[in-house]
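Down below is the structure, laid out as structure tokens.
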Amino acid sequence: LQAGLRTHYYSKGEYLRFSPRLQVHLWPDKPVTLGAGYTRNHQFLHRLSLDGNVSSAVWVPSTDAQPPGAVDHLMASLTAHPTSTTTVQVDGYWKHHENLRRHSSLARLRPSMTVLFQPWTVENTARARGLEVLGQQELGVLSLTGAYALSKVTVEPAGNGDARPADWDRRHQV
């Protein structure tokens, strides 16, 4: 069992936040290990990708009026060692994001607006869930590793209630 607590203080907005972390592994020395965990993280500086622009991303700080982002992360895992040189690991996870910054395409309709006038929304939420499988085989000094991830990320715009796939959603990764 591992437990921890990080404390964050962000002076711009006087935010004091706690990030608990808990992880448990059952039978760590056996051929099959089960694990589970929970963590909460906070984000005070947000990367904003601008829709329809070919430029660098903009970094937006949290403020009094725009609270920090947060993510809750639950995970479960199963690790098997069928032989001393073979490992198979299966991880499942669920994440819930709060206060994501998203570029608002409506801001482009107002030509007098620039990024300094905050063309983004703040109170967006996102949910991610996935299953990851990893296989590893040691062959003397070589180690062969293969991985596959099946995941889904949806974003619910502020005040909308209509969840849709996130721009960074990648269902299948090998």
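The values are calculated or read from the model by the stated rules, or taken from the named source; none is laboratory data. Not measured: the values here are computed from a predicted model. Quick reminder, even Gly has a Cβ in these numbers, built from the backbone with ideal geometry, and neighbours come from all protein chains shown. To get the accessible areas, we keep the full protein, side chains included, count just its heavy atoms, and leave off ligands, DNA and RNA. Shrake-Rupley method; radii C 1.70, N 1.55, O 1.52, S 1.80 Å.
Quick look at the values:
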item	result
The stretch 55-90: number of residues that are out of contact with any Lys or Arg (no Cβ under 7 Å at 6 or more places or on another chain) and part of a strand (DSSP E or B)	17
Filtered residues of the stretch 1-22 (kept if outside any loop (DSSP other than H, G, I, E, B) and open to solvent by less than 80 Å² (accessible area, probe 1.4 Å))	GLY4, HIS8, TYR10, TYR15, ARG17, SER19, PRO20
Candidate set: the stretch 23-45, residues that are among the aliphatic types (A, V, I, L, M) and open to solvent by 60 Å² or more (accessible area, probe 1.4 Å); chosen: the one farthest from HIS96 (Cα to Cα)	VAL32
Tabulated pairs, the stretch 74-102, first within 17 Å of THR39 (Cβ to Cβ) and open to solvent by 40 Å² or more (accessible area, probe 1.4 Å), second among the hydroxyl-bearing types (Ser, Thr, Tyr) and at pLDDT below 95, C-beta under 9 angstrom, 6+ apart or interchain	HIS97/THR125; GLU98/THR125
Cβ pairs under 8 Å, 6+ apart, first in the stretch 2-16 and over 13 Å from PRO68 (Cβ atoms), second of a type in the set (Val, Ile, Thr) and surrounded by 10 or more Cβ atoms within 10 Å (Cβ to Cβ)	GLN2/VAL24
Candidate set: the stretch 123-153, residues that are without any contact (Cβ under 8 Å) to a residue 40 or more places away in the chain and under 13 Å from ARG102 (Cα atoms); chosen: the one most open to solvent (accessible area, probe 1.4 Å)	GLU123
Cross-chain or 6+ apart pairs with Cβ under 7 Å, the stretch 28-39 first and over 26 Å from LEU5 (Cα atoms) and part of a strand (DSSP E or B), then open to solvent by less than 60 Å² (accessible area, probe 1.4 Å) and modelled with pLDDT of 95 or more	VAL32/ALA80
